[in-house]
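Notes follow the structure.
The values are calculated or read from the model by the stated rules, or taken from the named source; none is laboratory data. Quick caveat, the model's predicted, so the values are computed rather than measured. Here the Cβ positions follow ideal geometry from the backbone for every residue, glycine too, while neighbour counts run over all protein chains shown.
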Amino acid sequence: MVMKETPASSAVVEGQGLCATMNLGWFDEPFLNPNVVDALFLLPPDENGEHLRQKKWHYFSFANERFLIGLAAVDATYLANAFVYVYDFETDRFKEFSHIGFSDVVTVSRNSVAGETVYAAPGFSIRIENSGRPTRSASTATTARTP
């Protein structure tokens, strides 16, 4: 796949109405205006005559020689989901923490360059702060332990 230059508008959908076009493909920079919802009228309705629901998520990962760590916060309109995982290459151990709640526990940043994504539920939280480069993240998970 050939990488394209991100348009100057940094918008996924450019134009309005029947003249709107979508920028699709693999781009060299993230979109600052991921306005995909502006293109919903271009998509055919589903079998119930409704257009798709907008889902928002923020995924972040990093790795070094020993660890691979990933975390995400998802707003699926009615429900929310978050997870954190850690893989240790040296010991071949994997650990994951996750939580599912209603969508009022999550706020997803408008884009992946600036803003903040927060998932805050009792016993589980994720915060991804985007202020240019580098991205900072923090997460806490409390799990009930059984004997």
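If you take the residues in the range 90-121 that are over 12 Å from the mean Cα position of the chain (by Cα) and not in a strand (DSSP E or B), which one is nearest to S131 (Cα to Cα)? Result: V105.
Inspect the range 126-140 for any residue being in contact with a strand residue (DSSP E or B) (Cβ under 8 Å, 6 or more places away or on another chain), modelled with pLDDT of 85 or more, outside the structural domain of G15 (by TED's automatic domain parsing) and over 18 Å from P30 (Cβ atoms) and give the result as yes or no. Yes. Screening L40 on (1) surrounded by 14 or more Cβ atoms within 10 Å (Cβ to Cβ); (2) modelled with pLDDT under 85 shows it passes everything except condition (1). If you check Y87, Y59 for being assigned to a strand (DSSP E or B) and at pLDDT 95 or above, only one passes: Y87.
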